[in-house]
Amino acid sequence: MSQRQVLQVFELYQNARTRFVQMVAEQATRPQNIETLQNAGIMSLLRPLLLDVVPTIQQTAALALGRLANYNDDLAEAVVKGDILPQLVYSLAEQNCVYKKAAAFVLRAVGKHSPQLAQATVDCGALDSLVICLEDFDPGVKEAAAWALAYIARHNAELSQAVVDAGAVPLLVLCIQEPEIALKRIAASALSDISKHSPELAQTVVDVGAIAHLAQMILNPDEKLKQQVLSALSHIAKHSVDLAEMVVEAEIFPVVLTCLKDKDDFVKKNACTLIREIAKHTPELSQLIVNAGGVAAVIDCIGSCKGNIRLPGIMMLGYVAAHSENLAMAVIISKGVPQLSECLSEEPEDHIKAAAAWALGQVGRHTPEHARAVAITNTLPVLLALYMSPESSEDLQVKSKKAIKNIIQKCTYLPALEPFLYDAPPNILKYVAGQFSKVLPHDSKARRLFVTSGGLKKIQEIKAEPGSILQEYINNINSCYPEEIVRCTILLDTQTYFCRGWIAISHLLTERRIEQHSDSQERKDNDR
């Protein structure tokens with residue numbers, strides 16, 4: 001056998017290996033092939049090819065492993081159990097750019113599934129090698145390494161701390177300053193994933209000057225980059241007043257408000273989230289947002305989108321309104337109440353309805369003027385219906401009840417309360433009766449209307465336990481009227497008023513008796 005024939009055997013073997021890994025990598029892109037490849041023992045066949053003498057075979061084998069591990073956690077666990085990760089980590093420092101990207105892809109695909117698998121990548125020493133890759137000249141290698149670090153960090157504070165301890169944060173901040181948009185996106189995403197877990201981790205990101213660089217990219221035309229930048233700033237701001245103030249000091253207002261009009265829904269959502277995380281901390285920060293036109297801008301944003309995209313904006317309005325009377329009035333003046341009422345009525349998801357109910361309760365709980373602003377939008381009957389509906393989630397029922405209570409206890413606009421006398425359960429009815437007992441003694445017009453509308457008659461029909469708070473309120477209401485009016489109301493069935501003239505006369509007589517009773521009460525009070 002000649003030398004050429006001998007070498008031809010090796011060449012055929014190399015071609016067969018190349019063709020094998022290429023076909024496996026291609027087959028691994030189709031979900032319907034994954035189970036067949038797994039049953040055929042593909043992991044054990046690919047592992048030796050990671051150390052092949054031919055670089056293209058090594059790279060393609062790593063790519064195939066990454067695609068398989070990316071599919072589900074069982075295959076990712078098979079990569080860990082097959083002792084493949086140490087080989088990849090070792091090769092990260094030795095191989096060319098193409099292999100580094102493929103190896104980082106495998107580490108990302110394994111680490112994304114669970115904290116346990118992410119911890120396995122940390123345990124095999126992947127972090128140090130990935131951080132070294134962040135200093136590589138090739139932007140693609142930096143991007144692959146940043147992506148792997150982000151997937152490890154997103155699981156929990158311990159893994160994020162491990163990424164920080166490996167020295168990744170300063171290099172990630174350098175990456176967001178690179179010209180490549182894809183690298184900026186994933187570096188901002190990684191900083192967001194690190195910041196979200198605790199104030200200490202967020203402070204680590206702040207300490208290397210990340211806020212200023214992130215803030216400069218809020219108006220970048222790339223929508224995916226804006227999504228990640230706004231997310232990172234939100235995760236920093238949410239932890240404490242100091243961190244929120246640092247974000248504000250980067251002069252994000254009023255620039256961030258332009259994102260609320262973006263054509264991309266997730267840019268809108270993340271912008272609302274950022275404003276919410278700032279507003280929730282203090283009245284001063286909320287006032288700053290109001291002064292910048294943030295409340296009106298968020299209300300417009302809520303009106304321009306649907307579903308979960310609305311949720312951060314709804315919550316932001318609730319946080320602002322919760323701080324003080326003046327801030328709640330700013331929400332009312334900006335026409336926030338009709339928008340929240342619309343969300344309460346139209347949104348199909350219970351968690352969004354619950355957020356709207358909570359926000360409305362925060363607006364209406366301050367003064368009678370605030371409560372009236374909510375009541376005149378016909379929101380109270382909707383809240384009552386959601387509270388009483390067996391189809392509502394427990395959270396929605398709790399928040400609806402709390403909102404009803406908050407609003408009713410401040411509401412002196414009796415026409416909005418009167419329907420509750422007919423529909424409300426006893427635990428809500430006592431708050432309604434309590435408001436009537438507070439308002440009627442001081443409002444003669446309201447007393448007359450309460451009789452003519454049938455409200456006084458309905459009060460007599462309520463079966464309250466003797467000595468209860470509800471009974472006390474009923475007694476207080478009855479004391480506003482002459483005894484014969486109350487007795488007549490008890491005995492009289494309004495359906496017997498078949499003659500309109502008699503109805504009108506009876507109303508006039510009732511009004512005169514009420515006025516005389518009121519005048520008598522006032523004279524007694526003056527004599528005292």
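Couple of notes before you dig in:
- Apart from one condition, Lys263 fits all of (1) open to solvent by 60 Å² or more (accessible area, probe 1.4 Å); (2) touching a Leu at 6+ places or on another chain (Cβ under 9 Å); the exception is (2).
- Here Arg154 clears all of (1) open to solvent by less than 50 Å² (accessible area, probe 1.4 Å); (2) closer than 30 Å to Ser198 by Cα except the condition numbered (1).
- Subset of the range 289-348 (residues that are among the charged types (D, E, K, R) and either under 18 Å from Asp265 (Cα atoms) or at pLDDT 95 or above (or both)): Asp300, Lys306, Arg310, Glu347
- Test: residue in the range 125-134 that is out of contact with any Asp or Glu (no Cβ under 9 Å at 6 or more places or on another chain) and of a type in the set (Ser, Thr, Tyr): yes
- For the criterion of being farther than 23 Å from Leu386 by Cα, open to solvent by 20 Å² or more (accessible area, probe 1.4 Å) and in contact with a Pro (Cβ under 7 Å, 6 or more places away or on another chain), Ser334 fails.
- Which listed residue is of a type outside the set (D, E, K, R), assigned to a helix (DSSP H, G or I) and open to solvent by 70 Å² or more (accessible area, probe 1.4 Å), from Thr258, Thr273: Thr258
- Selected residue (criterion: surrounded by the most Cβ atoms within 10 Å (Cβ to Cβ)) from residues of the range 190-219 that are under 18 Å from Ile152 (Cβ atoms) and in contact with a His (Cβ under 6 Å, 6 or more places away or on another chain): Ser195
- Residue tally, condition in contact with a Phe, Trp or Tyr (Cβ under 6 Å, 6 or more places away or on another chain) and in a helix (DSSP H, G or I), over the range 111-127: 1
- For the range 276-290, filtered to residues that are assigned to a helix (DSSP H, G or I) and among the β-branched types (Val, Ile, Thr), the residue that is most open to solvent (accessible area, probe 1.4 Å) is Val290.
- Contact map, the range 437-459: first residue buried (at least 17 other Cβ atoms within 10 Å of the Cβ), second residue at pLDDT 80 or above and of a type in the set (Ser, Thr, Tyr), Cβ cut-off under 8 Å, separation 6 or more or different chains; pairs are Ser437/Tyr473; Val439/Thr412.
Residue by residue, here is whether (1) under 24 Å from Ala187 (Cβ atoms); (2) touching a Phe, Trp or Tyr at 6+ places or on another chain (Cβ under 7 Å); (3) surrounded by fewer than 15 Cβ atoms within 10 Å (Cβ to Cβ) holds:
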site	(1), (2), (3)
Leu46	no, no, no
Glu77	no, no, no
Gly82	no, no, yes
Ser91	yes, yes, no
Ala103	yes, no, no
Ala109	yes, no, no
Ser129	yes, no, no
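The values are calculated or read from the model by the stated rules, or taken from the named source; none is laboratory data. Predicted, not measured: the structure shown is a model, and the values here were computed from it. Note that we place each Cβ from the backbone using ideal geometry, even for glycine, and neighbour counts take in every protein chain shown. Ligands, DNA and RNA are stripped out before the accessible areas are found, and what is left, the full protein with its side chains, is counted by its heavy atoms. Shrake-Rupley method; radii C 1.70, N 1.55, O 1.52, S 1.80 Å.
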